[in-house]
Amino acid sequence: MYQKVLAYFAQICAIPHGSFHTQELFHYLTKTLQNLGFVVRSDEMRNIYAKKLDSAHSKPVCCLQGHYDMVCVGGAARNQPIETYEEQVGEVRYLRARDSSLGADNGIALACMLALGEKMSNFEVLLTNDEEVGMLGAKNLQMLIESEVLLNLDSEDIHEIVLGCAGGVDISAHSHLTPSQRIYNNTFVIHSNGFVGGHSGIDIHKNIPNAIVEFAHFLIDKPVQILTLHAGEKRNSIPVGVECVVVAGENFCKYANAMFSITPTQSLQSLDEVYEREILLPIIALHSGVYEIESSTKSVVDSLNLSCARLQNGVLELDLFARANDDTKLERMQRRVQTLLEAFGLRVGFSDFYNAWKRNISDDDEILSMLTKLYEANGIVPHITQIHAGLECGILGTKLKELQKPTPTKILSIGPTIDFPHSTKERLNLESLKIFVAVLEGALQNLGARV
């Protein structure tokens, strides 16, 4: 099974499938599922539902759910196939991508489903589209599942069984700046170097430097004015890249350091759109990172990520992503950010709000107990937890009720260990994948799926 999973994942990596650009992978998945004996249908959002039953069953015993878009960074963002390789770090072997995000989030889940579909029947799968850009597929789902158990396969730590997650909201801010009218002789390009990035939810507590924040602190006390700025990659990733054109004195290169390089460019005799500290001050005033830690579990309660910053043609734009494991705290975060940025003259808007997924499964639940025993049989005592990343589970639970599913659905989330998702450092722990495949196969068998 493990080798089949890797083979399917290699096929998925060969197909570009960034959010909003998933058509080719949609056709691959629907065709492959049909070839494996699934009955397949889709809705207007190109969510994919597939069911495989034998003659003795009229209803699937479990639904496996994941999403099939990915966050594209590096080569994947250039619409290139993902070239994978294995890497040994100490005792651990990883799967990596060359100059690209790997897309194990959530492509490895798709590969597991397809491999299981070769071997087993009496289960269903739900593959949602455009999850990484606001859970759009789940929010607009038009198809019911039949099972009473849904296993979401989008968690990223083999040691965890997840029963709850943060809600989130996209925040955008912009302002039209007044240009300074002056004459300059020297222009320079500043580039960021060495930032590792990461997932703005599950990695936010790791104190990973935010390239945009570090850039603002680097530049705020320098004799410089900014002409253009392009920084950050995706709303839900900790930013890595900064490219900024500035005008400054001829000795400005002396300020370069390990984090920021400075290169002279062609001199411009006059510039009519040059901006000063109003670009940097709101960035510095924002706290991008963790706001509150739950004292008993040491888990993140709410956070804010400054994701992207742009200055072009006189317009400053900031993109942020707020998360909270409590809806009230998420609403307070919105109010806090809006108040602060409006004080700096920016106009603030919100979009793609989704609620936190609250745990509703008891400690003695039979499905939870079954999964726990499978983990223990594979040498892991799982941590039952709620995470600070965004999962579709809460939205799906609400949506299934709206679609009038006749029976309640128990939702749990599991997955192999994926480090640094949404970045070129993304890596899949291969030993954890072996365990995950064994747990997943055992779970389906215990629930009544057949080989």
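Throughout, read-outs are computed from the coordinates displayed, never taken from laboratory work. Small disclaimer: the values here were computed from a predicted structure and weren't measured. Using ideal geometry, Cβ is built from the backbone for each residue, glycine included, and neighbour counts are taken over all protein chains shown.
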I'd like to compare 314-322, 33-41, 417-425, 367-375: which one has the highest average count of other Cβ atoms within 10 Å, and what's the full order after that? 417-425, 314-322, 367-375, 33-41
For segment 1-146, Rg(Cα) over 2.2 N^0.38 Å is 1.06
Contour minus Cα-Cα distance for residue 384 and residue 189 (0.36 nm per residue): 65.4 nm
Can you tell me which lysines have their Cα less than 28 Å from the Cα of residue 254? Leave out same-chain residues fewer than eight positions away. 222
Quick check: residue separation of residue 11 and residue 253 times 0.36 nm, minus the Cα distance between them. What number comes out in nm? 82.5 nm
Burial order of peptide ranges 376-382, 42-48, 161-167, 96-102 (average beta-carbon count within 10 Å, highest first): 161-167, 96-102, 42-48, 376-382
If contacts are Cα pairs under 8 angstrom and at least 6 residues apart, what is the relative contact order of the chain in percent? 24
To the nearest 10 degrees, how steep is helix 327-343 against the longest Cα principal axis of the chain, on a 0 to 90 scale? 10
With each pseudo-label sitting 7 Å past Cα toward Cβ, what's the residue 331-residue 172 distance in nm, one decimal? 2.4
Taking N as the number of residues in segment 1-56, the ratio of its alpha carbon radius of gyration to 2.2 N^0.38 Å works out to 1.26
Pairs 4/31; 329/373; 59/139; 139/410; 119/234: which are spaced more than 27 Å apart, C-alpha to C-alpha? 329/373; 119/234
Please work out the FRET efficiency for the pair residue 294 and residue 196, using the Cβ-Cβ distance as r and a Förster radius of 45 Å; give the result to the nearest 0.05. 0.95
Rounded to whole Hz and in sequence order, give me ³J(HN,Hα) for segment 78-87 from the Karplus expression 6.51 cos²θ - 1.76 cosθ + 1.60, θ = phi - 60°, writing x for Gly and Pro. 9, 6, 9, x, 8, 8, 9, 8, 9, 9
222 nm [θ] for the chain, helices only, -39500 (n - 2.57) per DSSP H run of 4+, per residue, to 500? -8000 deg cm²/dmol
Stretched out fully, how many nm does the piece from residue 35 to residue 78 gain, at 0.36 nm a residue minus the Cα gap? 12.4 nm
Cα-only Rg/Rh for the chain with Kirkwood Rh rounds to 1.01
In Å, what Kirkwood hydrodynamic radius results for segment 169-353 from the alpha-carbon pair distances? 17.2
